[in-house]
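J.: Got a structure for you, written out below as structure tokens; questions coming shortly.
The values are calculated or read from the model by the stated rules, or taken from the named source; none is laboratory data. These numbers were taken from a predicted model, which means no experiment stands behind them. Quick reminder, even Gly has a Cβ in these numbers, built from the backbone with ideal geometry, and neighbours come from all protein chains shown. Surface accessibility is based on the protein's heavy atoms, side chains included, excluding ligands, DNA and RNA. Shrake-Rupley method; radii C 1.70, N 1.55, O 1.52, S 1.80 Å.
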Amino acid sequence: MKLIHCADIHLGSKMDVNLSGEKAEERRRELRASFTNLIDYAKNNGVSGVLLCGDIFDSDRPFKKDKEFFYNAIKNNPEITFFYLRGNHDSEESYTLELENLKTFSRGITTYDFCGVNISGVELGQDNCTSIYSSLNLEKDKLNILMLHGTAGDASGKDRVNLNKLRNKNIDYLALGHIHYYNGGKIDERGVWAYSGCLEGRGFDEAGEKGFILLDIDDRITYEFVSFAKRKIHILNIDISEATDDYSAYSIVKNNINCSKRDIVRAELTGEISFDNADLAEEIQKRMSAENYYVFDIKDKTKRKFDISALKGDISLRGEFIRAVLASQYSEDEKQDIISAGLKALDSREIDL
């Protein structure tokens, strides 16, 4: 038997960071399309069930079109069983339809026998986040999957999953939601835990590969991550220390980007540069617009290369500033950063003393 473990789809998300209104709406449609594509993948690859580990919707009051889309997708695919456990974003969302192939959970531990595998889950809240561990009693001689939504660690609480208290509980696979990137590890000698991450990245805080986990179940559970997102989000650190002007900086940036044009890209400029251009990021952004990436964003994190030893003798506000910083209690690295930032700020308003 095969199962899909996914989470954090966030249907109805605003998607307005770094996106125009038109592209934000397009990305919302793409979120729905990714879920449709996941179901198609399941049908084409012999997947019997889908574990939805929370935050399917972005809020407790999702848009009508998102609710109708979600429940219609389940209703129209009766050959697949969906296990939907609410997360912190959709914790108060009411389960709208009772469908034969939709299994839901509550604040108490619920277990379904699915093709000989026990699939259990509990929705965490303030009322049960510490007590569930003592009431968890999984059968030793069965394969056990537990669904939860929260941050895995060594603490108990709302939106927190205490891995220490899940040891020796006969868990074979702990399917988690809440963290938006793929990750996992061991619980004990028997069991493992994993985050599937989100299906689609929504902003630059969700860069990298996105998708779901495919579980293959026989006498044990094996799994693999499946990269699935329509658009990948990249954050690239590009050192432009060798640049001598804004055009050569642009050339370095362009030559260091090897991404699909359908992707969402941020270039973070690093290194020390000797030329002065306060509008460097804006200049490169304009030139890169011709490359036609879905989104291209740039951040200037360069430092200005100054000859501090020569400047510290200046009879000027600049020289006075450098002398004050050099005489301070900051570390040498901190002094360099402060002087670099201060000189950039003073460049356009130098005052002779």
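J.: Only residues in region 142-166 that are part of a strand (DSSP E or B) count as the first member; pair them with residues that are of a type in the set (S, T, N, Q) and modelled with pLDDT under 95, Cβ under 9 angstrom, at least 6 apart or cross-chain, and list the lot.
T.: Taking only residues 6 or more apart or on different chains, the pairs are His149/Asn88; His149/Ser91; Gly157/Gln126; Gly157/Thr130; Asn162/Thr130; Asn162/Ser156.
J.: Could you go through region 168-188 and let me know if any residue there is closer than 24 Å to Glu92 by Cβ, of a type in the set (Val, Ile, Thr) and open to solvent by less than 10 Å² (accessible area, probe 1.4 Å).
T.: There is no residue in region 168-188 that is closer than 24 Å to Glu92 by Cβ, of a type in the set (Val, Ile, Thr) and open to solvent by less than 10 Å² (accessible area, probe 1.4 Å).
J.: With over 25 Å from Thr222 (Cβ atoms), touching a Cys at 6+ places or on another chain (Cβ under 9 Å) and either open to solvent by 40 Å² or more (accessible area, probe 1.4 Å) or not hydrophobic (A, V, I, L, M, F, W, C) (or both) as the only criterion, which of Arg160, Arg107 stands out?
T.: Arg160
J.: Return the total of residues in region 126-141 being open to solvent by 60 Å² or more (accessible area, probe 1.4 Å) and either in a strand (DSSP E or B) or under 20 Å from His178 (Cβ atoms) (or both).
T.: Selection size over region 126-141: 3.
J.: For residues that are over 22 Å from Trp193 (Cβ atoms) and basic (Lys, Arg), tally how many sit in region 64-121.
T.: Number of matching residues: 4.
J.: Which one is most open to solvent (accessible area, probe 1.4 Å), of the residues in region 294-325 that are among the aromatic types (Phe, Trp, Tyr) and in a loop (DSSP other than H, G, I, E, B)?
T.: So, considering only residues that are among the aromatic types (Phe, Trp, Tyr) and in a loop (DSSP other than H, G, I, E, B), the one most open to solvent (accessible area, probe 1.4 Å) is Phe306.
J.: Go through (1) assigned to a loop (DSSP other than H, G, I, E, B); (2) over 24 Å from the mean Cα position of the chain (by Cα) and name the single condition Glu123 misses.
T.: Of (1) assigned to a loop (DSSP other than H, G, I, E, B); (2) over 24 Å from the mean Cα position of the chain (by Cα), only one is false for Glu123: (2).
J.: Against the condition more than 30 Å from Glu206 (Cα to Cα), at pLDDT 90 or above and loosely packed, with under 12 Cβ neighbours inside 10 Å, how does Ser328 come out, does it pass?
T.: yes
J.: Please count how many residues of region 57-80 are crowded, with 16+ Cβ neighbours inside 10 Å and in contact with a His (Cβ under 8 Å, 6 or more places away or on another chain).
T.: 3
For every residue, the table says whether it meets (1) among the charged types (D, E, K, R); (2) modelled with pLDDT under 95; (3) under 30 Å from Lys14 (Cβ atoms).
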{"position": "Val47", "(1), (2), (3)": "no, no, no"}
{"position": "Tyr84", "(1), (2), (3)": "no, no, yes"}
{"position": "Glu92", "(1), (2), (3)": "yes, yes, yes"}
{"position": "Thr96", "(1), (2), (3)": "no, yes, yes"}
{"position": "Asn101", "(1), (2), (3)": "no, no, no"}
{"position": "Gly108", "(1), (2), (3)": "no, yes, no"}
{"position": "Gly116", "(1), (2), (3)": "no, yes, no"}
{"position": "Ser120", "(1), (2), (3)": "no, no, no"}
{"position": "Ser131", "(1), (2), (3)": "no, yes, no"}
